[in-house]
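The values are calculated or read from the model by the stated rules, or taken from the named source; none is laboratory data. These numbers come from a predicted model, not from an experiment. Please note: Cβ atoms are built from the backbone with ideal geometry, for glycine as well, and neighbour counts cover all protein chains shown. We work out accessible area using only protein heavy atoms, side chains counted, and drop any ligands, DNA or RNA first. Shrake-Rupley method; radii C 1.70, N 1.55, O 1.52, S 1.80 Å.
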Amino acid sequence: MDVGELLNYQPDRGAKRLRDDDDDDDDPRSKKVGRELARRLERDNGEDPSGDRKRILEKLMDDDEDADDQEGEPVDESSVKKMILTFEKRSYKNQELRIKFPDTPGRFMETELDLNDIIQEMHVIATMPDLYHLLVELNAVHSLLGLLSHDNTDIAIAVVDLLQELTDIDTLHESEEGAEVLIDSLLEGQVVALLVQNMERLDEQVKEEADGVYNTLAIIENMAEFRPGLCTEAAQQGLMQWLLKRIKAKIPFDANKLYCSEILAILLQNNDSTRELLGELDGIDVLLQQLSVFKRHNPATAEEQEMMENLFDALCSCLMLAANRDRFLRGEGLQLMNLMLREKKMSRTSALKVLDHGMIGPEGSDNCHKFVDILGLRTIFPLFMKTPKKMKKAGTVDKEHEEHVCSIIASCLRNLKAQQRTRLLSKFTENDCEKVDRLMELHFKYLEAVQLADKRIEGEKHDMVKRGEILDDVMEDEFYLRRLDAGLFVLQLLCYIMVEISNSGISQLQQRVHQILNLRGGSVKVVRHIMREYAENIGDGKSEEFKESEQKRIMDLLENF
């Protein structure tokens, strides 16, 4: 048995949760524990005293027997304390010998194997989250974090595996108290910064190190799910920069790239600080470059499609921040989304959503003007006139498609000035006002859906009053959200478009709207009621000043309707 074989030998450590693409019986850690040691030994002019070799082989054989003995031992507070003490001793011993004999791996490799063994044994602590406080009290968390920068990447990856199991989200929820203590201690030790530094040096061409990156991302996801507030801190500790670098790396698509896109979308959810950071790091350009691949080609696999959707979600989140709208405009994001709509590939649905996010509200004014300049109206109105069948095949419901299209048209009517506004309004007069006819058709479709939902809600309210239950503000908000979901939001957009074009000064449009309303038994009163309700609920998250001016603008439009 040569040194390489000897160091690659590892006793069976029992089952462990692996990545989806791993074989069930293939532990990624156990096969390569001493890779780096083997490399260093080979470089060490073949100096490997036979005594060392024999001693390590005997030790490894003993470990196998010890592992069998330990399987029957119960896990309690004293056994965990004993385990942590052993870990600390072995960690210290390894560190001491590495400092003493930095160029003679034969002197410290036995301690390295011992250290790896105890780290593997500590996985059992993950079954007892109520004992996590011991890891903190006995300073083991601090020591584990210190090992993330260990010279031997195998040791660092073993620590990553352990942390991934300790922070497994199901385990954390088993003992909230233990979980809080562990997460606090990890964050205090700058865990994200250390994990990012470790990922920087890992070579993903090596399967074990690629697994290490995957498990590192799992730790971050677990912690972010348990404590969403840490996303800002994590992003600022180098994670955002690393994710963008990894996403744009010119290497074939793999599970790690998919996971990076997922973590990026999580970091940006409801968080203006991380959105701003991404913008400052030129992240909008990175996202647009990565998405441009799907302009003319559909994703090759379901996993690649999932990554595409994650990147689109990340882009939509970023566009909630006004400063990023300008970066999106300068990065020619509008042109890319417009091309995607024309190409009729899978990316079309998400491109529509991005345009909606980029053009909504007063911050979207520049994007609205640019959209008209790049002939975007020629793309959006055919989608308004007919919901494409391919959208349905892609699993998008009509309502989602119609909501985004109507929102884009409503944003244009709100924001466009001068020549661009005239071009938009002239679209409604084309072909004997066919677009007004379609607008009214959608109006009655969604009015009916909302009236049905209102009927059901009224019935529920009546039953609640009968039972003596109180209809508080929380319940009222819940009912309002249900009505929006049933189609009220699309109906509000449609009514807004009706009111805007009726106030455009083009009598032909106003006459056509009223003509169809009368013909189909509709009512101006109903439209006014819907718009008043819309005005009352407008401006969530906006300043009070914006809210008041927008409400006044809508009321002025209604007076002339």
In square nanometres, what is one fourth of the surface area of the convex hull spanned by the alpha carbons of region 457-510? 5.0 nm²
Would you mind checking region 215-236 for residues with the amide N under 18 Å from a putative spin-label position 7 Å along Cα→C-beta of GLU180? 223-230
Per the helix-only calculation at 222 nm, which mean residue ellipticity applies to the chain, given -39500 (n - 2.57) for every DSSP H run of n ≥ 4 and division by its residues, nearest 500 deg cm²/dmol? -23000 deg cm²/dmol
So for the chain, averaging the separation of alpha carbon pairs under 8 Å that are six or more residues apart and normalising by length, what relative contact order in percent results? 7 percent
With all protein chains present, region 285-339 has a carbon and sulfur share of its accessible area (1.4 Å probe) in percent of 48 percent
Between the alpha-carbon centers of region 137-204 and region 249-272, tell me the distance in whole angstrom. 20 Å
Provide the per-residue ³J(HN,Hα) series for region 222-229, in order, calculated from phi with Karplus coefficients 6.51, -1.76, 1.60 and θ = phi - 60°, each as a whole number of Hz, with x at glycine and proline positions. 4, 5, 5, 6, 6, 9, x, x
Net length gained if the chain between LYS461 and ASP203 were fully extended (0.36 nm per residue, minus Cα distance): 86.8 nm
At 7 Å along Cα-to-Cβ for each site, give me the label-to-label distance between LEU484 and THR422 in nm. 3.8 nm
Calculated log₁₀ intensity ratio I(q)/I(0) where the Debye formula runs over C-alpha points of region 433-560, q = 0.11, 0.12 Å⁻¹: -0.46, -0.54
Quick one: what are the phi-derived ³J(HN,Hα) couplings along region 230-239, Karplus 6.51/-1.76/1.60 with θ = phi - 60°, whole Hz, x for glycine and proline? 7, 4, 4, 4, 4, 4, 6, 8, x, 5
Can you work out the Karplus-derived ³J(HN,Hα) for every residue in region 455-472? Use 6.51 cos²θ - 1.76 cosθ + 1.60 with θ = phi - 60°, whole Hz, and x for glycine or proline. 4, 4, 5, 4, x, 5, 4, 4, 5, 5, 4, 4, 7, x, 7, 8, 8, 8
The helix 77-100 Cα axis meets the longest alpha-carbon principal axis of the chain at an angle in degrees, between 0 and 90 and rounded to 10, of 70 degrees
For a quick check of understanding: with a 1.4 angstrom probe and all protein chains in place, what accessible area in square angstrom does ASP432 have, to the nearest ten? 110 Å²
Taking only protein heavy atoms and a 1.4 Å probe, what accessible area per residue, in Å², does the chain have with all protein chains in place? 48 Å²
At 0.36 nm per residue, minus the direct Cα-Cα distance, what do ARG520 and ASP326 gain on full extension? Give it in nm, one decimal, please. 65.5 nm
Determine, from the Cβ-Cβ distance of LYS81 and SER292 and an R0 of 51 Å, the FRET efficiency 1/(1 + (r/R0)^6), rounded to the nearest 0.05. 0.35
Here the Cα Rg-to-2.2 N^0.38 Å ratio for the chain is 1.26
On a 1.4 Å probe surface of the protein chains, which of HIS133, HIS404 comes out largest in accessible area, and what is the full order? HIS133, HIS404
If I model a spin label at GLU536 and ASP437 as a point 7 Å from the Cα along the Cα→Cβ vector, what separation in nanometres do I get? 3.6 nm
Measuring from label point to label point, each 7 Å out along Cα→Cβ, what is the GLN511 to GLU280 span in nm? 5.8 nm
Give, as ranges by residue number, the residues of region 319-362 whose backbone N falls under 18 Å from the point 7 Å along Cα→Cβ of GLU544. none
